[in-house]
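Written out below as structure tokens is the structure these notes cover.
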Amino acid sequence: MSNIQPNTFKNYLSELVTKYPKGSPINAPKFGDEFAEALLDGDYFLEIPLSNKAFFESSLEFQKMLTDFNISKGVDINIKYLAE
């Protein structure tokens, strides 16, 4: 993650809420009509490799960017660390 530019991180956050807006219909054709009337709902998570946890948690710039984005967009994106 230390190789990711702050602007790239912000783009990931924007893509998450733009691509998967709460309240939009679920588009899952491979499941047939199972989700025909279902809408997206729930929490937002941005998945980051576990190996980047220390960098992200110690980076005041990225932490501030996440907080500012959440406030400005009225969302609550959480970071989820995934084992590689």
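Derivation of every value follows stated rules applied to the coordinates shown; laboratory data play no part. Note that the structure is a prediction, hence the values are computed from the model and not measured. As a convention, Cβ positions derive from the backbone with ideal geometry for all residues, glycine included, and neighbour counts pool all protein chains shown.
Against the list (1) closer than 19 Å to N78 by Cβ; (2) surrounded by 10 or more Cβ atoms within 10 Å (Cβ to Cβ), the condition G42 fails is (2). Scan segment 47-84 for residues that are touching an Asp or Glu at 6+ places or on another chain (Cβ under 7 Å) and among the small types (G, A, S) and report the count. Summing the residues that are touching an Asp or Glu at 6+ places or on another chain (Cβ under 7 Å) and among the small types (G, A, S) in segment 47-84 gives 1.
Screening segment 52-75 for residues that are part of a helix (DSSP H, G or I), in contact with a strand residue (DSSP E or B) (Cβ under 9 Å, 6 or more places away or on another chain) and not aromatic (F, W, Y) and picking the one that is nearest to F9 (Cα to Cα) gives L66.
Within segment 37-49, residues that are closer than 15 Å to P21 by Cβ have Cβ atoms under 9 Å from residues that are in a loop (DSSP other than H, G, I, E, B) and β-branched (V, I, T) in these pairs: A38/I26; L39/I26; L40/I26; Y44/V75, counting only partners at least 6 apart in sequence or on another chain. Does segment 8-15 contain at least one residue that is surrounded by 10 or more Cβ atoms within 10 Å (Cβ to Cβ), among the acidic types (D, E) and closer than 20 Å to N78 by Cα? Taking every residue of segment 8-15 in turn, at least one turns out to be surrounded by 10 or more Cβ atoms within 10 Å (Cβ to Cβ), among the acidic types (D, E) and closer than 20 Å to N78 by Cα.
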